[in-house]
Amino acid sequence: MVPFGKRPKRLPTVLSRQAVDELLRCTENLKHRTFFSTLYACGMRISEAAHWQISDIDSARMQIRIARGKGAKERRVPLSPRLLEELSELALANRMEMADLLVTAAWKSLRKTTREQQDD
């Protein structure tokens, strides 16, 4: 039997920051845009996002806990200030119970610094 040749491994296509912003901006529904932003920012798989809950956000440490990942493993990924703001905006729009997220000192300081950066 003749062994098959190895297939060359291809690297994934990496989108530019501008292309990602355009993709996220074309989604008009706030819930859908936040969902896609969360998937992209955290590198979540669809199956991981299906089991994701608001209680998995640790705003004090700026992390998101992803349970039931590939291989039934748990992992933690960083939470960006922009994503935290989008999640909070969605929570306020839907009147979700996220008082623990909105009251924390981390949220208050992040909101202040994010606004200052946008003004510059």
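A few remarks follow.
- With respect to the conditions (1) under 22 Å from GLU89 (Cβ atoms); (2) at pLDDT below 85, GLY43 lacks only one, and its number is (2).
- Every pair of residues 6+ apart whose Cβ atoms lie under 7 Å, when the first sits in the stretch 10-37 and is within 17 Å of GLU85 (Cβ to Cβ) and at pLDDT 85 or above while the second is assigned to a helix (DSSP H, G or I) and of a type in the set (Ser, Thr, Tyr): VAL20/TYR40; LEU24/SER37
- In the stretch 41-68, the residues that are at positive phi reach residues that are surrounded by 13 or more Cβ atoms within 10 Å (Cβ to Cβ) with C-beta atoms within less than 6 angstrom, at least six apart or across chains, in these pairs: MET62/LEU79.
- Within the stretch 1-45, the set of residues being among the β-branched types (Val, Ile, Thr), surrounded by 11 or more Cβ atoms within 10 Å (Cβ to Cβ) and part of a loop (DSSP other than H, G, I, E, B) comprises THR27 only.
- Among (1) modelled with pLDDT of 80 or more; (2) surrounded by 13 or more Cβ atoms within 10 Å (Cβ to Cβ); (3) out of contact with any Ser or Thr (no Cβ under 7 Å at 6 or more places or on another chain) - the single one GLU86 does not satisfy: (3)
The values are calculated or read from the model by the stated rules, or taken from the named source; none is laboratory data. Predicted model, so just to flag it, every value in this text is computed and none were measured. Heads up, the Cβs are rebuilt from the backbone with ideal geometry, glycines too, and the neighbour counts pull from every protein chain shown.
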